[in-house]
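One structure follows; several queries about it will come next.
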Amino acid sequence: MADSDVEGHEQEQTSEKPYMCGECGYRTDRKSVLLRHMRTHTGEKPFKCYQCDYAAARKSHLDNHLAIHAGMKPFKCDQCDYSTARKDHFDRHLAIHTDDKPYMCEECGYRDSQEQLKVEENWELAGP
């Protein structure tokens, strides 16, 4: 293990989080994580798509985007013909095959499987 790997591992074990965001107080044990976090405040998006004008703050987000250009859809539903390039879309899709409806309107009790259907702040993630 490199010295930096050992240092990071030791900080994880001790829960020491010496790096703090001056904007919001977020704390982390790694300088690289803090630098990535700071992009949420600055809006910096250094990872650019070479095929269109898409830009991302994280390389993993650009990688997901590039999979769309390539037509790759590695996430395939085993219960229907749905497939997608994005795991978050796949996870959301799987909810249609179950009765899991974790989002609930506090005012009327209506429940749904998809958070983005929230239209007002009276929606919350319901407990088990």
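Assuming R0 = 35 Å, can you tell me the calculated FRET efficiency for the pair GLU23 and CYS49, based on Cβ-Cβ distance, to the nearest 0.05? Intermediate values should be presented prior to the final figure.
On the way: r = 27 Å, r/R0 = 0.78.
Taking R0 as 35 Å, the efficiency between GLU23 and CYS49 is 0.80.
Here's something else I'd like to know. Collect residues whose amide H, placed 1.01 Å from N in the peptide plane, falls under 5 Å from the amide H of LYS73; neighbours closer than 5 in sequence don't count.
none
For the pair MET38/ASP112, report the inter-label distance in nm, with labels modelled 7 Å from Cα in the Cβ direction.
Label-label distance for MET38 and ASP112, simple model: 3.9 nm.
Explain nothing, just compute: Karplus ³J(HN,Hα) = 6.51 cos²θ - 1.76 cosθ + 1.60, θ = phi - 60°, for every residue of the range 89-101 in order, whole Hz, x for Gly and Pro.
Along the range 89-101, the couplings run 5, 5, 4, 5, 4, 4, 4, 6, 8, 10, 9, 6, 10 Hz.
Still on this model: Using a Förster distance of 22 Å, how high is the FRET efficiency between ARG92 and HIS69, based on the Cβ-Cβ distance and rounded to 0.05?
On the way: r = 22 Å, r/R0 = 0.98.
For ARG92 and HIS69, the calculated efficiency is 0.55.
Mind checking which of MET38, LEU62, PRO74 is farthest towards the positive end of the range 27-80's charge dipole, using Cβ charges of +1 (Lys, Arg) and -1 (Asp, Glu) about the Cα centre?
MET38
Each reported figure results from applying straightforward, stated rules to the coordinates on display, with no laboratory input. All of these numbers come straight from a predicted model, not from anything done at the bench. Cβ sites come from the backbone with ideal geometry, for glycine too, and all protein chains shown count toward neighbours.
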